[in-house]
């Protein structure tokens, strides 16, 4: 019984250590979480985060998610006329990105031991001049969902 308690105590100590390390890493990460910003940057470590962009000319966005989850809502944003780029890095976590159904979404990158799931409008059904969002996904041991 004592051995089991020691194992449980050690497990809890590791979890608390990860949480504290995550808080420190997140505080030290460069972030721009202004919803009106045309260039946002998010960092989520051992936690959850929600972000809704209201940018009038979204150029780029970056999100790093480790041992946590990030929800990014772009439905109220307008893309720069030249398009926008999202760079998403996920390790042992998940990212969900909501986009309008009128955007042309192109995803590059790979998922190792995870999945990049893209559920957006078929490019053939969109206008040729539809706003273009390029997503560069680096997913390992986690998941990415891009949906309308």
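A few comments on the model shown:
- Taking the longest Cα principal axis of the chain as reference, the axis of helix 2-28 is set at about 40 degrees.
- Among 111-121, 65-75, the order from most to least packed when residues are scored by Cβ within 10 Å on average: 65-75, 111-121
- Gain on full stretching of the segment that runs from residue 59 to residue 112 - 0.36 nm per residue minus C-alpha separation: 16.3 nm
- Sorted peptide list for 138-148, 9-19, criterion being average Cβ within 10 angstrom, highest first: 138-148, 9-19
- Whole-Å distance, taken between Cα centres, linking segment 26-57 and segment 75-148: 16 Å
- Classification of the chain by its C-alpha gyration tensor yields a prolate form. The axis ratio a/c (a ≥ b ≥ c) is 1.5 or more, and a/b outweighs b/c.
- Label-point separation, residue 87 to residue 14 (7 Å along Cα→Cβ), nm: 3.2 nm
- Per residue, the average separation of C-alpha pairs within less than 8 Å and at least 6 apart gives segment 41-148 a relative contact order of 28 percent.
- Rounded to the nearest 500, the 222 nm mean residue ellipticity of the chain from helices alone is -6500 deg cm²/dmol, with -39,500 (n - 2.57) taken per DSSP H run of at least 4 residues.
- Working from label points 7 Å from Cα in the Cα-to-Cβ sense, the residue 119 to residue 140 distance is 2.8 nm.
- Label-to-label distance, residue 2 versus residue 147, with points set 7 angstrom from Cα along the beta-carbon direction: 5.1 nm.
Each reported figure results from applying straightforward, stated rules to the coordinates on display, with no laboratory input. Predicted model only: the values in this text are computed from it and were never measured. A quick note on method: Cβ atoms are made from the backbone with ideal geometry, for glycine too, and the neighbour counts reach across all protein chains shown.
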